[in-house]
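Asker: Okay, handing you the structure first.
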Amino acid sequence: MHPKTSRRDFLKSSIYLGVGLNLFGLMPQLVATEMAKSAQNGTRYTYHTCPRNCYDFCSLIAEHKDGKLVRILGDPDHPITAGTPCVKGQTHAKMHSHADRVLYPMKRVGKKGEGKFVRISWDEAYDTMVAKMKECIKEYGAQSIMPYNFSGTWTILSQFGVPWRFFNKVGSTLLTYTVCEAAGEAALTYGYGSQSGVEPEGFAHTNCYISWGCNEAHTSVHNVKFINAARDKGAKLIVVDPVRTPLASQADCFVQIAPGSDAAFALGVANVLIQKGLYDKDFVAQNAIGLDELAKKAAEYPLDRVLKICKISEAEFNQFIDIYSKARPAVIRVGFGMQRRGQGGAMVRAISLLPALMGDIGVKGGGFSYINFAHHPFNFDYIRRNDLAPSPAPRVLNVNELGKILTGNIPETKELPIKFLINFNGNPLPSSPNINLVKEGLSREDLFTVVHDVYMTDTAKYADLLLPAPHFLEYEDVSVDYLGYYIKYNSKAYEPMGESKPNYQFFNELAKKMGFTDDCFDESPADVIRNGLSKDPKFAHITYENLVKNKWQKVELDLYADHNFNTPSGKIELFSKKAVDEGFHGVSDWAPDTESEERTPELFKKYPLILLTPSAAQLLNGQWHNEPLIAEVLGEPYIIINEADAKSRGIQKGDFVFAFNDRGRVKLRAKLTKGQVKPGVAMSYKSFWEKVTGIGTINELTPDTLTDITGTSAFHSNLIQIQKA
Ligand SMILES: Nc1nc2c(c(=O)[nH]1)N[C@H]1C(S)=C(S)[C@@H](COP(=O)(O)OP(=O)(O)OC[C@H]3O[C@@H](n4cnc5c(=O)[nH]c(N)nc54)[C@H](O)[C@@H]3O)O[C@H]1N2
Ligand SMILES: Nc1nc2c(c(=O)[nH]1)N[C@H]1C(S)=C(S)[C@@H](COP(=O)(O)OP(=O)(O)OC[C@H]3O[C@@H](n4cnc5c(=O)[nH]c(N)nc54)[C@H](O)[C@@H]3O)O[C@H]1N2
Ligand SMILES: [Mo]
């Protein structure tokens, strides 16, 4: 930053840059100085944790003057946030007092989707819900009731705890938590007995950072400074992605791989490392089982086959081998985004074999990073009160099939339809796959939909009852981050605005109105946290009081350093019998994607472009799109295509195009590129709101098919065609 740039200018410019800047070292000082100055004139500061479902879970400081929120800063003391929130975090002050906030309970007066409501009281809202639910239970059984939730507030009280006490007690249908990263978690667990990997502080000690299907500059901006710290010491940077991401532009080696081909690439790499004896023989002999099976599978991926499947050059492949085989330790950061495709589980399994082969596991600065969970100090059975659920357990449907569920397009709901839906922490209309089907479901006159949200969202327009949720500055809660190993506290700075109620208050009150008398519905937020903490001695310092006092607590884990793995053999399993028993390949394998030239040739003839829909830097899924400053920077929705694909379709720079397939059609501006994507691949950011753009949204096109392992979403296994509008 130029020394003369004021902080205000800086905030503005960093918003326009759209990425968090690497100001490690500089920013904390600046914030601390400003805080000290302001405190003298009566300014008040409160400490918070951004609870959105994002890798970084920033530690934030809210600055208040004369009882009013002035601005949001990053906490200079937190080792990962280190003084800078992301571009979105900087606008939390705007989001707090946003004109779009739902402030009172409302009931629908117009048609579903029209967004016409009148104000009612909470009493009327509760009475209506209770009467409807009781009617549903009497006529169809409790499984005609269902929640939908995901990324809104990723916290213990509001997301993982109290709401489930309610749904368990009701005995409603439940949904899987497989929108996002579950296939990769299962894949890593087969090999390592855990999904947890290196903490970001460890990246700074690596000699080679591999960003594999992860766009850190958009989705985990604080990660970037640790990459830079390693690079300052001479570490190499490799990026494996079909899209030239911001990091790819700076990489020592960029493998611009064909979408869905990663398992073939990783097995091809393993083949060379084994054939040429470049792997760590001692480490593997002592700590892993299944080398023979891996070698046999990898031998099916000789160079020419890999180059053909991955559509890369020999030079790209050799450069990867050259850097990776020499730089020890190396760390592979596996993105969630990449595994959201038909073969997502197999892809992550194949990639995860490489750090074991190279002896990088349990070494400082080496291994893999995906999602960290080993530091989770909460007893889920307690915070969810799973003991309240009826026996036999109610059905669990796949969240990615929301459209099919609501329209009776799966056998379970054909037989017993969903009649009552409670949406909280979720906005499926821009964010679910195949949303035209979701819309059809939400339009059903015989479906009663409750939406509890902070803002008037696209989904809210389909509510029969719309209920106000507060901004996170208005309630206390605890987050467990999954990039690092932190447990983080969020304090309450203001009373809930209007008549909004935090998720936990809403569900506790609803439970009582339903006549549930279990003590847990009276437990205070502090007590849920106190009583929900695990008694394991490694979490002894994680107490409610310590969290309030210290803002966060870290769990120090030297993961895998003892070379003990929680697998059936106690070793790293390059071959997993458990995987075979559960119906998967013992090592991993490549197979053509669920929508692809090889697997669905007829579909490919009609729709020859693979559409990727990853994260925009300025949004969190769809969240923030209703903030004008953010929407202005994002601009109108666009699709990036290669110049060659544009030329063959007569599309010029800036033309409007229709992107379409059998699921829907969306009008977008075409952006042409020479190399950001290769021919045959298109890219458009996920979850823009129809309400903001005035046109459709990209999830009209995305499929509700599922990944190989765990039935996670397969958003990116998506064939489309485009034509000039
Ligand atoms: N095309 C495409 N689509 C995708 C993906 C993709 O890669 N491509 N990725 C998917 C992924 S990874 C995810 S995680 C999902 C996310 O799917 P969703 O969670 O459905 O999407 P969000 O847009 O994050 O919406 C969260 C909503 O919760 C609300 N909210 C925030 N705080 C609270 C609160 O305290 N209480 C209540 N009641 N509500 C609150 C927000 O205002 C917002 O409307 O999207 C998926 N969608
Ligand atoms: N700014 C911002 N931050 C976010 C979010 C957001 O929407 N915006 N969402 C949050 C959430 S809920 C999540 S789950 C995470 C997601 O975080 P990431 O995993 O980083 O995000 P994505 O943007 O979904 O996808 C990452 C990359 O996967 C690539 N990819 C797609 N298919 C393939 C493939 O077949 N092979 C390879 N090698 N790469 C592929 C895409 O091109 C993209 O560059 O980010 C979180 N943080
Ligand atoms: Mo996600």
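The values are calculated or read from the model by the stated rules, or taken from the named source; none is laboratory data. Being a predicted model, the structure only gives us computed values, none of them experimental. We place every Cβ from the backbone using ideal geometry, glycine too, and count neighbours over all the protein chains shown. The area values use the complete protein model at the heavy-atom level, side chains included, leaving out ligands, DNA and RNA. Shrake-Rupley method; radii C 1.70, N 1.55, O 1.52, S 1.80 Å.
Asker: Kindly report, to the nearest 10 Å², the accessible surface of E509 as traced by a 1.4 Å probe over protein heavy atoms only.
Answerer: It works out to around 50 Å².
Asker: Rounded to the nearest 10 Å², what accessible area does K578 show when all protein chains are kept and the probe is 1.4 Å?
Answerer: Counting only protein heavy atoms, the figure is 90 Å².
Asker: For the chain, list the DSSP H helices whose alpha carbon atoms reach 20 Å or more along the long axis and whose average Kyte-Doolittle value is -1.0 or above?
Answerer: Taking the DSSP H segments of the chain (at least 20 Å long, mean hydropathy at least -1.0), we get 122-140, 344-357.
Asker: Dipole magnitude of the range 577-725 about its Cα centre, charges +1 at Lys/Arg Cβ and -1 at Asp/Glu Cβ only, in debye to the nearest 20?
Answerer: Computed about the Cα centre, the dipole is about 580 debye.
Asker: Hey, another quick one. Which FRET efficiency value, to the nearest 0.05, is calculated for A561 and A644 with the Förster distance at 45 angstrom and r the Cβ-Cβ distance?
Answerer: Taking R0 as 45 Å, the efficiency between A561 and A644 is 0.35.
Asker: Ok, one more. In straight Cα distance, which aspartates and glutamates are under 14 Å from K488, not counting same-chain residues fewer than 8 positions off?
Answerer: By straight Cα distance, K488 reaches D56, D75, D77, E476, D477, E545.
Asker: Along the positive direction of the dipole of the range 338-464 (beta-carbon charges: Lys, Arg +1; Asp, Glu -1; about the Cα centre), which of N398, G342, G426 reaches farthest?
Answerer: Working it through, the farthest residue towards the positive pole turns out to be G342.
Asker: Taking amide H positions as placed 1.01 Å from N in the peptide plane, with prolines and chain starts having none, which residues 5 or more places from F368, or on another chain, fall under 5 Å of its amide H?
Answerer: Hits under the 5 Å cutoff: V198, I332.
Asker: Placing +1 on the Cβ of each Lys and Arg and -1 on the Cβ of each Asp and Glu in the chain, which of S38, P85, P468 has its Cα farthest towards the positive end of the resulting dipole?
Answerer: Value: S38.
Asker: Roughly how many debye, to the nearest 20, is the charge dipole of the range 306-427 about its Cα centre, given +1 on each Lys and Arg Cβ, -1 on each Asp and Glu Cβ, and no other charges?
Answerer: 120 debye
Asker: Quickly rank 668-678, 698-708, 385-395 as a protection proxy: mean count of other C-beta atoms within 10 Å, highest first.
Answerer: Packing proxy ranking, top to bottom: 698-708, 668-678, 385-395.
Asker: Let me ask you something else. Report the label-to-label distance for K671 and E499 in nanometres (one decimal), using points 7 Å from each Cα along the Cα→Cβ vector.
Answerer: 4.3 nm
Asker: Distance in nm between label sites at A591 and K653, each 7 Å beyond Cα in the beta-carbon direction?
Answerer: Taking the simple label geometry, A591 and K653 are separated by 4.4 nm.
Asker: For D123 and R530, calculate 0.36 nm times their separation in residues minus their Cα-Cα distance, and state this gained length in nm to one decimal.
Answerer: Using 0.36 nm per residue and subtracting the Cα-Cα distance, I get 143.5 nm.
Asker: With both partners inside the range 421-546, how many of the DSSP beta bridges are antiparallel, as a percent to the nearest 5?
Answerer: The antiparallel proportion sits near 35 percent.
Asker: Got a number for carbon plus sulfur as a percent of the range 578-725's accessible area, 1.4 Å probe?
Answerer: 53 percent
Asker: Tell me the accessible surface of I137 in square angstrom (1.4 angstrom probe, heavy atoms of protein chains only), to the nearest ten.
Answerer: For I137, solvent-accessible area is about 60 Å².
Asker: Take the Cα of L629, step 7 Å along the line toward its Cβ, and report every residue of the range 80-120 whose backbone nitrogen sits under 11 Å from that point.
Answerer: Zone members listed by number: 87-96.
Asker: Hey, any idea what % of the range 338-453's accessible area is carbon plus sulfur with a 1.4 Å probe?
Answerer: After summing per-atom areas, the C and S share lands at 51 percent.
Asker: Return the subset of K606/K647; K512/K549; K169/K554; K132/K691; K134/K414; K308/K678 for which the Cα-Cα distance in this structure is over 25 Å, preserving the input order.
Answerer: The pairs that break the limit, which is 25 Å between Cα atoms, are K512/K549; K169/K554; K132/K691.
Asker: Can you give the charge dipole size of the range 164-311 about its Cα centre, rounded to the nearest 20 debye, using +1 on the beta carbon of Lys and Arg and -1 on the beta carbon of Asp and Glu?
Answerer: Value, rounded to 20: 240 debye.
Asker: Let me ask something else about it. Extending each Cα 7 Å along its Cβ direction at H541 and D381, get the distance between those two points in nm, one decimal.
Answerer: Computed distance between label sites H541 and D381 equals 2.8 nm.
Asker: For K671, go through the aspartates and glutamates and keep the ones whose alpha-carbon is under 16 Å away, minus same-chain ones fewer than eight residues off.
Answerer: E636, E643, D645, D655
Asker: Further question: Cross-link candidates for K276: which aspartates and glutamates have Cα within less than 13 Å, leaving aside residues fewer than 8 places away along the same chain?
Answerer: The qualifying aspartates and glutamates are D322.
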